[in-house]
Amino acid sequence: MVEACTLYEISLYYYVCGLRYAASHYAFTTVGSTIAIHADHYAMVRGFPRRPAGEDFYILNKLAKTGTIDQLTGPLIEISGRLSDRVPFGTGVGIKKILHLADPMRDCPFYNPEIFQCLKQFLWELDRCQDAADLTDHFKNSRSQHWCESVDLFTLIDSKRNLNPAVFKKFIVDWMDGFRTLKFIHFLQQHHLEPVSLGDIFDGTILPLISPADLSDLDRVKELVTTHSG
């Protein structure tokens with residue numbers, strides 16, 4: 001149980017590290033029980049969505065469009081993992097899936113680090129796409145192009161070209177939100193870049209690519225890996 005919880009927690013930190021490397025506006029932890037929301041912003045997003053699961057993810061995704069999401073560096077709140085079938089996804093289900101693996105350290109799937117490299121390039125290009133003469137040429141990565149075609153992004157961009165540059169930039173940030181970013185990542189994983197193991201991520205070469213040295217999450221990940229290895 002401890003090994004499964006550790007692997008699941010590492011996957012959460014790893015995902016945020018990848019988003020921060022890609023310079024995503026939505027690079028913050030969305031799974032947690034402690035959230036403080038200003039009343040004005042709570043009203044702006046009409047409170048928690050009526051969902052059976054993932055309500056923390058969805059409300060933070062909406063709040064990020066109205067202001068800044070700040071994360072505390074401490075103190076850490078230690079909680080116990082638990083199995084649960086109450087909802088179709090989340091911590092309980094995630095840990096249960098890991099427990100069913102024959103060799104969790106080898107078989108527990110993590111997003112391929114190349115996905116975050118593609119995301120970083122894509123977000124940079126997306127931020128500068130308003131004046132692009134040829135959008136297909138502007139988005140140079142073929143994997144990103146594939147996703148753009150699947151969501152008809154070029155048509156959407158063309159329909160918004162006449163917006164004021166500041167308004168267009170805000171539109172792009174809001175459109176490519178945390179949920180759509182996750183769909184982009186899942187699309188690349190399904191069609192182009194298969195999952196990798198923990199060893200493929202923490203082999204000393206990939207980790208520096210996705211985690212700035214001063215990132216507090218990185219220290220937590222290293223602590224988790226060291227504890228598990230010991």
Original post:
In whole angstrom, how far apart do the alpha carbon centroids of the stretch 1-71 and the stretch 131-149 sit?
Top reply: 29
**OP:** For the stretch 154-165, just list the computed ³J(HN,Hα) in residue order, Karplus coefficients 6.51, -1.76 and 1.60, θ = phi - 60°, integers in Hz, with x standing in for Gly and Pro.
**Re:** 4, 5, 5, 4, 4, 6, 10, 4, 7, 5, 4, x
Original post:
Residues with amide H under 5 Å of residue 177's amide H, sequence separation 5 or more or different chain, H placed in the peptide plane at 1.01 Å from N; which?
Top reply: none
Subject >> Full-extension gain in nm, residue 167 to residue 135, via 0.36 nm per residue minus C-alpha separation >> reply: 9.6 nm
**OP:** Calculate the spin-label point distance for residue 66 paired with residue 35, positioning each point 7 Å from the Cα along the beta-carbon direction, and give it in nanometres.
**Re:** 1.2
Subject >> residue 128/residue 101 FRET efficiency (R0 41 Å; Cβ-Cβ; nearest 0.05) >> reply: 0.45
Original post:
Each label point is 7 Å from the Cα along the Cα-to-Cβ direction; what then is the distance between the points at residue 114 and residue 182, in nm?
Top reply: 2.5
Original post:
Hey, fewest Cβ within 10 Å first, where do 66, 73, 30 land in order?
Top reply: 73, 66, 30
Original post:
From the backbone phi of the stretch 20-28, what are the Karplus-calculated ³J(HN,Hα) couplings (6.51 cos²θ - 1.76 cosθ + 1.60, θ = phi - 60°) in whole Hz, Gly and Pro given as x?
Top reply: 5, 4, 7, 6, 6, 5, 10, 8, 8
Original post:
How large is Rg/Rh for the stretch 114-191, to two decimals, with Cα atoms and a Kirkwood Rh?
Top reply: 0.94
Original post:
Working out 0.36 nm times the residue gap between residue 197 and residue 55, then minus their Cα-Cα distance, what length gain in nm do you get to one decimal?
Top reply: 48.3 nm
Subject >> Flagged links, alpha-carbon separation over 22 Å, of 65/97; 65/120; 62/169; 120/169; 96/120 >> reply: 65/97; 96/120
Original post:
How large is the charge dipole for the stretch 114-191, taken about the Cα centre, if only the Cβ atoms of Lys, Arg (+1) and Asp, Glu (-1) carry charge, to the nearest 20 debye?
Top reply: 200
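Any read-out appearing in this document is the output of simple, stated calculations on the displayed coordinates, not a laboratory observation. Keep in mind it's a predicted model, so treat the numbers as computed, not measured. Neighbour counts run over all protein chains shown; Cβ positions are idealised from the backbone, glycine included.
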